[in-house]
Amino acid sequence: MRRVLGLNLTHCGGLRGLAVLLGIVGAMCALSAAGKLVSSAEALQESKGPTKRTEGGAVGASISHPTKWFVERERYTYDQTYGFTLWRPDSGALHDHGGTPAVRVALAYGLRPGQIKATVLEKLRAYPKLPMTREEVSVAEKGHKGVAVGTIPGSTPSTEIYVPVNGRVYQINVYGKTLGSGDKELLSTLRFEPPSRPVGSLGLPVANSAETLNGAGAKRAERERAVHEATTEGEATFAASALGGETPIAEGCWQADPDFFFQTQYGSGANANPNDSIPTGWSIVGRPNYWDEYTHGKLEYGRCDKRRYTNDKFAVDYPLDLGDAIYSPFRRGTVTFAGRNITHKDYGTFVSIKAANGKYVNLSGHLSGLAPGIKSGAEVDRNTVIGFAGKTGGGDIPVGPVHLHQAYYRYPTYTPDGAPYGGAGLKVVGHHYFRGDNGVYRFGWVERSEFKYKGSGISF
């Protein structure tokens, strides 16, 4: 059924002007350098900074934006679109993940103007459990008529706008919870002109092709699996039955069933570089971020039960060397997504796995590549190499040192391509390890003899 509802145009503090658009992500007030919400007055003062115009010749479009924003020029195509993304930088501190997407401008070379209506209807129908809106908007200095549909869920939700221009179609994603008046002012600065060359002549690979995603050959993946099987032989035990099953906790998150099997996701050869100050086969809990910290909390990513977002309050980062093998955290599971997409750009290359219980889902982000055979629908077990450690995010936007971003969700929903969103953030306390006599690490809010916390060393 087609849903056409009223659009909430609330925006932060009545801000106006192009450079005020530092509030696009989350449709909230701009973020300060410390990663916290700033007041309307502070945001207005920040909006008086200089702007510049970014253009893409083969895209056939340009847009004005604050000079501090980064530009990601895509090195591949997404679903027959090609464009560039503007990213808002974070503070630049080591704990930050580099930035958040603000707007993506793309030439939808696989669409024709007559197909826009059907495409919008398809988007509306793809999210039957969410209140979706459709609105006609004015785009570019010449006032082209576009159709906006949203809000599309993801790690950073967006409103997707389709604009016909002289027989071409542009797809523009404005990231944020709603499309406010400030966002529309950003759209008004667009200029369209004939592309300088066909996208096909650029020789770009498809984003989720084997050419761009495979991080190693099949022989290496098989070798890593064999090593993992040998070094993790036997089952770690944990007397947890007295603790009961899964439990709801604050803010709508859940604590995982203590009897359910979760394992550390790296192997005996992790962090083998003698210059990384980490023993081989070990990593550090929460470097750069731990539960409800910075990009897992203070920068609005620390959510528990938001319907349109990934709920990453209890995500944990683990530093690794580039190319270290990453394993499935579950005893058995099924891949729901593997690769890159527009809705979850913050994670770079990532893999999502649904556990065999059908309830828990893992997201492993910032990978440098995937292992052969890892794709939607692939069956995995605890010895399966799913990918390799990296620091991918938004193009050239740094996400800090190489690390694994590990998040868990309870009963999430999925985008049409299988990427998770919604559901509830899942707090996993018990993590099986296999070094020595093996056992289970228990995570907590503070470090004590029985708990691991931010900065604790843990082994494979």
Among what's in segment 254-284 and is among the small types (Gly, Ala, Ser) and crowded, with 16+ Cβ neighbours inside 10 Å, pick the residue that is nearest to GLY358 (Cα to Cα).
ALA256
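Return the residue satisfying two criteria in turn: it lies in segment 294-312 and is of a type outside the set (S, T, N, Q) and either closer than 30 Å to ALA272 by Cα or surrounded by 24 or more Cβ atoms within 10 Å (Cβ to Cβ) (or both), and of such residues it is modelled with the highest pLDDT. Even if it seems obvious, please write down each step before you answer.
First, pick out the residues of segment 294-312 that are of a type outside the set (S, T, N, Q): 294, 296-309, 312.
Next, from what is left, pick out any that are either closer than 30 Å to ALA272 by Cα or surrounded by 24 or more Cβ atoms within 10 Å (Cβ to Cβ) (or both): 294, 296, 301, 312.
Numbers: TYR294: 54, HIS296: 50, TYR301: 51, ASP312: 94.
Applying the filter and picking the extreme gives ASP312.
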Within segment 395-460, strands (runs of 3 or more DSSP E) holding 2 or more residues that are surrounded by fewer than 22 Cβ atoms within 10 Å (Cβ to Cβ)
430-433, 439-442, 457-459
Would you mind finding the one in ARG220, ARG134 that is in the same structural domain as THR310 (by TED's automatic domain parsing), farther than 19 Å from HIS344 by Cβ and outside any loop (DSSP other than H, G, I, E, B)?
ARG220
Of all the residues that make up segment 139-161, how many are surrounded by fewer than 19 Cβ atoms within 10 Å (Cβ to Cβ), of a type outside the set (Lys, Arg) and modelled with pLDDT under 95?
2
Return the only residue of LEU179, LEU204 being under 15 Å from VAL137 (Cα atoms) and not in a helix (DSSP H, G or I).
LEU179
Out of everything in segment 376-394 that is under 30 Å from ARG125 (Cα atoms) and modelled with pLDDT under 95, what residue ends up being surrounded by the fewest Cβ atoms within 10 Å (Cβ to Cβ)?
GLY394
Filter segment 199-208 for residues that are under 19 Å from the mean Cα position of the chain (by Cα) and farther than 8 Å from TYR76 by Cβ and give the result.
ASN208
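Select, from ILE326, ILE342, ILE353, the only residue that is farther than 27 Å from PHE451 by Cβ, surrounded by 21 or more Cβ atoms within 10 Å (Cβ to Cβ), out of contact with any Pro (no Cβ under 6 Å at 6 or more places or on another chain) and not small (Gly, Ala, Ser). Don't jump to the end; show me each part of the working.
Working: ILE326 fails: farther than 27 Å from PHE451 by Cβ; ILE353 fails: farther than 27 Å from PHE451 by Cβ.
Answer to the check: ILE342.
I'd like to know if segment 182-195 contains one or more residues that are more than 19 Å from SER64 (Cα to Cα) and part of a loop (DSSP other than H, G, I, E, B). Break it down into steps so the answer makes sense when it comes.
Here is the first cut: in segment 182-195, the ones more than 19 Å from SER64 (Cα to Cα) are none.
No - not one qualifying residue is present in segment 182-195.
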Picked from segment 223-240 (must be assigned to a helix (DSSP H, G or I) and closer than 18 Å to HIS431 by Cβ), the residue modelled with the highest pLDDT is HIS228
Would you please name the residue that is modelled with the lowest pLDDT, looking only at residues in segment 273-292 that are in contact with an Asp or Glu (Cβ under 9 Å, 6 or more places away or on another chain) and of a type in the set (D, E, K, R)?
ASP276
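The values are calculated or read from the model by the stated rules, or taken from the named source; none is laboratory data. These numbers come from a predicted model, not from an experiment. No Cβ is skipped: glycine too gets one built from the backbone with ideal geometry, and neighbour counts run over all protein chains shown.
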